[in-house]
Amino acid sequence: MNGRNNPRAVAAAEAAVQKLAGPSRKSSVIGSKQKCTGVFIGGTSFVRGRMGAVGSLTCCDALRCTKCDFRVEQFHNRDWSDDVDYLFFRNNFPTEAKLAAKMRARPGSVAYCCQCSWMSTVEESKLDFSSDVRWVCAGHLTE
Ligand SMILES: [Zn+2]
Ligand SMILES: [Zn+2]
């Protein structure tokens, strides 16, 4: 008799594997993501983070573009040069050193861009279906 093909040992091993992969693991969610209640962009004077149902205006720092599917980058105290175009972002996003070639210093302004769209702003503005850009909140990790 050798133990290698002992059917009881095999059954026990399978049971152990099933226990590990069992439904009990589903309850241990490692952090969950919550989206902004309204999606805002704005200048450097606005708080960055997740806009909740209550509290002061918060500019989303987890923006994602639904057109190019890239994360939206933000550069503080910067403004885009007037001659930037689609190809510039297409070729240089998301390398800050390359994008900097078309950035101007502008205190209070935040320059936003993804691979297909860009804008810069000092004021706050809400993003919705009527906006020029298709940026949405990708969700923020919560405790
Ligand atoms: Zn957000
Ligand atoms: Zn885009």
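Side notes on the structure shown:
- Here region 75-84 is the region considered, the condition is being under 21 Å from the mean Cα position of the chain (by Cα) and surrounded by 16 or more Cβ atoms within 10 Å (Cβ to Cβ), and the residue that is nearest to ligand 2 (Cβ to nearest atom) is Phe75.
- Note on region 120-143: among residues that are in a strand (DSSP E or B) and farther than 16 Å from Ala62 by Cα, the one that is nearest to ligand 1 (Cβ to nearest atom) is Thr121.
- The selection criterion, being within 16 Å of ligand 1 (Cβ to nearest atom) and among the β-branched types (Val, Ile, Thr), holds for Val54.
- Close Cβ contacts (under 8 Å, 6 or more residues apart or on different chains) running from residues in region 93-105 that are modelled with pLDDT of 95 or more to residues that are basic (Lys, Arg) and outside any helix (DSSP H, G or I) comprise Pro94/Arg71; Met103/Arg78; Arg104/Arg78; Ala105/Arg78.
- Where a residue in region 115-133 is under 15 Å from Cys68 (Cβ atoms) and touching a residue at least 60 places away in the same chain (Cβ under 8 Å) and its partner, wherever it lies, is outside any loop (DSSP other than H, G, I, E, B) and hydroxyl-bearing (Ser, Thr, Tyr), with Cβ under 6 Å and at least six apart: Met119/Tyr112
- For region 93-142, filtering for residues that are exposed (fewer than 15 other Cβ atoms within 10 Å of the Cβ) and within 14 Å of ligand 2 (Cβ to nearest atom) leaves 3.
- Any chance Cys68 is surrounded by 13 or more Cβ atoms within 10 Å (Cβ to Cβ) and part of a loop (DSSP other than H, G, I, E, B): yes
- The condition of being out of contact with any Lys or Arg (no Cβ under 8 Å at 6 or more places or on another chain) and acidic (Asp, Glu) holds for only one of Asp61, Asp132, Asp83, that being Asp132.
- From Leu87, Leu57, residue being over 14 Å from the mean Cα position of the chain (by Cα) and within 14 Å of ligand 2 (Cβ to nearest atom): Leu87
- The number of residues in region 27-65 being in contact (Cβ under 8 Å) with a residue 40 or more places away in the chain, among the hydroxyl-bearing types (Ser, Thr, Tyr) and part of a strand (DSSP E or B) comes to 1.
Every residue, every condition in (1) among the aromatic types (Phe, Trp, Tyr); (2) touching a Lys or Arg at 6+ places or on another chain (Cβ under 8 Å); (3) crowded, with 17+ Cβ neighbours inside 10 Å; (4) modelled with pLDDT of 85 or more, yes or no:
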residue	(1), (2), (3), (4)
Ala11	no, no, no, no
Glu14	no, no, no, no
Gly22	no, no, no, no
Phe46	yes, no, yes, yes
Met51	no, no, yes, yes
Val54	no, no, no, yes
Glu73	no, no, yes, yes
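- So Gln115, is it within 16 Å of ligand 1 (Cβ to nearest atom) and either touching a helix residue (DSSP H, G or I) at 6+ places or on another chain (Cβ under 6 Å) or not in a loop (DSSP other than H, G, I, E, B) (or both): no
The values are calculated or read from the model by the stated rules, or taken from the named source; none is laboratory data. The structure displayed is predicted, hence computed values, not measured ones. Neighbour counts are summed over all protein chains in view; Cβ atoms, including those assigned to glycine, are modelled from backbone coordinates with ideal geometry.
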